[in-house]
Amino acid sequence: MSVLHQPATADERRRMIRRRVVTALVIVLLIGVPAGYLVISAQQSRDSGRDKAAESSVAGLQDQWPSKMKRRVFEVPIPGGATDVAYFETSNWKTSRLYVEFTTSGSGLDVFLHRSGTSRAALTTGEVTVGPRDAATVGWTFPDRRDWAATTHHLPTPRPDRDITVDLTDPAAPRVYVVSTTTP
């Protein structure tokens, strides 16, 4: 005997349509939402990569303040009111360096040295602690006819070591050169 298919009742038809709508909605939520998230995430990642690539392609000092995060990581507390601020960062698998230069006032120098964990008393007159390799990296020169004073501030790992050299030729506007080195 063969069973004849009976026409669906209105109630059964509504249930079938509702089930298909719910199934379609679940498919959209399970596939569409993650796909949308991936598209947005990929775009943000691409934009971030472009920003980092642009910053990395810069050769030499950038005439601007390093970000607060860089100043915090490399422990370079540039005093407020500093002028002619420039920086450059290098990074590889072994070490990272932040090169910073700025002009400040006499009291600004004291603030910088204090926040760096050192003082004017630690500066050795006639000394330049920035090495030739580091100076060449950013194009710094330290001619003999200037009044230099410098110190190297060593900190326990993982905190950075800092070579600080100050041009005191104009005591009212000392020029500070810092190379902060971290080894991750």
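What residue, of A136, A121, A86, is in contact (Cβ under 8 Å) with a residue 12 or more places away in the chain and among the aliphatic types (A, V, I, L, M)?
A86
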**Asked** Does T152 meet the test of being among the hydroxyl-bearing types (S, T, Y), assigned to a loop (DSSP other than H, G, I, E, B), under 15 Å from V100 (Cα atoms) and at pLDDT 90 or above?
**Response** no
**Request:** Among residues belonging to region 155-174 that are among the polar types (S, T, N, Q) and in a loop (DSSP other than H, G, I, E, B), point out the one that is least open to solvent (accessible area, probe 1.4 Å).
**Result:** T169
**Request:** Could you pull out the residue among R72, R115 that is more than 18 Å from V166 (Cα to Cα) and either of a type outside the set (A, V, I, L, M) or at pLDDT below 90 (or both)?
**Result:** R72
**Message:** Being farther than 13 Å from V176 by Cα and open to solvent by less than 70 Å² (accessible area, probe 1.4 Å) is the filter here; which residues of region 84-123 pass it?
**Reply:** F88, E89, T90, T95, S96, R97, L98, G117, T118, S119, A122
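Residue check: is T141 open to solvent by 20 Å² or more (accessible area, probe 1.4 Å), at negative phi and free of Cβ contacts under 8 Å to residues at least 60 places away in the same chain?
Spelling it out, T141 is indeed open to solvent by 20 Å² or more (accessible area, probe 1.4 Å), at negative phi and free of Cβ contacts under 8 Å to residues at least 60 places away in the same chain.
The values are calculated or read from the model by the stated rules, or taken from the named source; none is laboratory data. For clarity, every value in this text was computed on a predicted model and none was experimentally measured. Note that each Cβ is placed from the backbone with ideal geometry, even for glycine, and that neighbours are counted across all protein chains shown. All accessible areas refer to the heavy atoms of the entire protein, side chains included, with ligands and DNA or RNA removed. Shrake-Rupley method; radii C 1.70, N 1.55, O 1.52, S 1.80 Å.
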